[in-house]
Amino acid sequence: MKLPREIIESRRRAVREALNYISDGMVVGLGSGTTMRLFVEELASYIKASRISISVVPSSYDIMIYALGLGLHIIDPMGLYEIDIAFDGADEVDAKLNLLKGGGAALTREKIIDSMSRKTIIIVDYTKLVDKLCTRKPLPVEVAPPALSYVSRRLKEIVECRDVKVRQGAGKVGPIVTDNGFFIIDLYPKNPIEPDDVERVSTKINMIPGVLENGLFPRKLVDTVIVGFPDRVEVLKAR
Ligand code: A5P
């Protein structure tokens with residue numbers, strides 16, 4: 001889907017602001033998605049122009065291949081127990097800076113990278129701001145294939161739903177298969193999720209056997225949200 005120019009420019013403005021958090025020698029976690037692709041492009045130019053040395057830890061094959069193509073130095077997270085700083089996008093950001101993620105099905109590895117990082121900076125354009133999560137987008141849940149029906153039923157007990165759908169692939173028949181070999185269930189809640197309820201709902205979902213992770217990122221995972229507008233940038237502090 002082609003994004004309007006105004007949105008791309010708003011995101012690029014936020015991405016450039018985010019580069020101020022980078023310094024020489026850092027190990028940098030990378031989320032996934034179109035905003036992160038912009039970030040990787042700007043980061044690659046910044047590294048060249050300022051002659052600093054940066055290594056990146058990707059959260060998906062997509063962002064890894066993109067970063068490799070731009071000559072960035074990649075580190076696999078398996079050998080690390082901490083990352084200096086992570087940059088990530090989001091599908092929605094609520095009034096208390098909780099996030100909804102997983103529109104690109106990279107939620108589990110993103111949550112791992114964001115949790116491993118000493119600081120997590122979220123980069124979004126202004127259209128991602130909402131009062132409550134799941135206002136516009138469904139809640140993705142990554143599920144082991146044998147548990148598909150069981151998890152679908154249990155999810156409906158936790159969140160009152162309008163619909164529960166198994167996400168289908170593009171360029172592939174049947175469900176999408178994540179980088180972890182799992183499926184994605186998209187949950188459409190009847191009502192958006194109250195900011196003070198995000199952590200509780202997330203914890204409950206993750207306790208269902210067969211669930212790998214879900215797309216609710218409680219604000220405690222976030223340090224700063226940088227929001228790009230057509231004419232300015234706003235920097236919001238979560239802690
Ligand atoms: C990937 O699974 C997601 O969590 C992305 O971070 C999120 O969907 C934001 O993507 P865009 O930058 O493409 O909007």
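Read the figures in this text as sums done on the coordinates, not as results from a lab. Note that the structure is a prediction, hence the values are computed from the model and not measured. Neighbour counts are summed over all protein chains in view; Cβ atoms, including those assigned to glycine, are modelled from backbone coordinates with ideal geometry.
How far is helix 34-50 tilted off the main Cα axis of the chain, in degrees rounded to 10, range 0 to 90?
On a 0 to 90 degree scale, this one is about 20.
I need the calculated FRET efficiency for the pair residue 191 and residue 119, taking r as the beta carbon distance and R₀ as 45 Å, to the nearest 0.05. Show your work: numbers first, answer last.
Numbers: r = 33 Å, r/R0 = 0.73.
Efficiency for this residue pair is about 0.85.
Given 0.36 nm per residue, what is the gain on full extension from residue 135 to residue 78 after removing their alpha carbon distance, in nm?
Result for the pair: 17.0 nm of gain on full extension.
Rank 62, 91, 163 by mean-square fluctuation in a GNM of the chain with C-alpha springs under 10 angstrom and give only the top-ranked residue.
Greatest mean-square fluctuation among the candidates belongs to 163.
Could you give the nm distance between label points at residue 165 and residue 24, where each point is 7 Å from its Cα heading toward the beta carbon?
Here the answer is 5.1 nm between the modelled labels.
Looking at the P(r) of the chain, how many percent of alpha-carbon pairs lie beyond 28 Å? Mind showing how you got there, number by number?
Values: 8328 of 28441 pairs.
So the pairs more than 28 Å apart make up 29 percent of the total in the chain.
Given the Cα atoms of the stretch 1-54, and with Rh set as the inverse mean 1/r over their pairs in the Kirkwood sense, what is Rg to Rh to two decimals?
1.00
When a/c reaches 1.5 or more, the comparison of a/b and b/c decides; with that in mind, is the stretch 48-97 rounded, prolate or oblate per its Cα gyration tensor?
Working: a/c = 1.70, a/b = 1.57, b/c = 1.08.
Prolate, because a/c is 1.5 or more and a/b exceeds b/c.
Give the calculated FRET efficiency between residue 41 and residue 199 to the nearest 0.05, with a Förster radius of 41 Å applied to their Cβ-Cβ distance. Working shown, then result.
Details: r = 34 Å, r/R0 = 0.82.
Result of the calculation: an efficiency of 0.75.
Using only Cα atoms, locate the centre of the stretch 1-50 and the centre of the stretch 118-134, then give the distance between them in Å, rounded to an integer.
Here the two parts' Cα centres lie 15 Å apart.
Tell me the GluC sites (Glu not before Pro) within the stretch 140-169 that lie in a loop according to DSSP and have at most 12 other beta-carbon atoms within 10 Å.
Details: sites: 142, 157, 160; in loops: 160.
Passing sites in the stretch 140-169 are 160.
Mean shadow of the stretch 139-215, computed from the convex hull of its alpha carbons, in nm²?
Working: hull surface 20.4 nm².
Answer in nm², one decimal: 5.1.
As an exercise, use a Förster radius of 35 Å and the Cβ-Cβ distance of residue 52 and residue 2 to find the FRET efficiency, rounded to the nearest 0.05.
Details: r = 33 Å, r/R0 = 0.94.
That gives a FRET efficiency of 0.60.
Where nothing but the Cβ of Lys and Arg (+1) and of Asp and Glu (-1) is charged, how large is the charge dipole of the stretch 109-181 around its Cα centre, in debye to the nearest 20?
Details: 15 positive and 9 negative charges, 7 e Å.
For this selection, approximately 40 debye.
Would you order 92, 17, 199 from fewest to most other beta-carbon atoms within 10 Å of each residue's own beta-carbon? Please report the intermediate quantities before stating the final value.
Numbers: 92 25, 17 19, 199 16.
The most exposed by this proxy come first: 199, 17, 92.
Can you tell me what share of the DSSP beta bridges in the chain is antiparallel? A percent to the nearest 5 is fine. List each step's numbers first, then the result.
Details: 24 of 43 bridges.
So the antiparallel bridges in the chain amount to around 55 percent.
For residue 150 and residue 172, compute 0.36 nm times the residue count separating them, minus their Cα-Cα distance, and round to one decimal in nm. Let's see the in-between values first.
Details: separation 22, 0.36 × 22 = 7.92 nm, distance 2.43 nm.
Once the chain is fully extended between residue 150 and residue 172, it gains 5.5 nm.
Report, in deg cm²/dmol and to the nearest 500, the calculated mean residue ellipticity at 222 nm for the chain, where each DSSP H run with n ≥ 4 adds -39500 (n - 2.57) and the sum is divided by the residue count. Don't skip to the answer; put the middle values down first.
Values: 6 runs with 70 residues, N = 239.
-9000 deg cm²/dmol, from helical runs alone.
State to the nearest 20 debye the size of the charge dipole of the chain about its Cα centre, where the only charges are +1 on K and R beta carbons and -1 on D and E beta carbons.
Details: 34 positive and 32 negative charges, 68 e Å.
Magnitude of the dipole: close to 320 debye.
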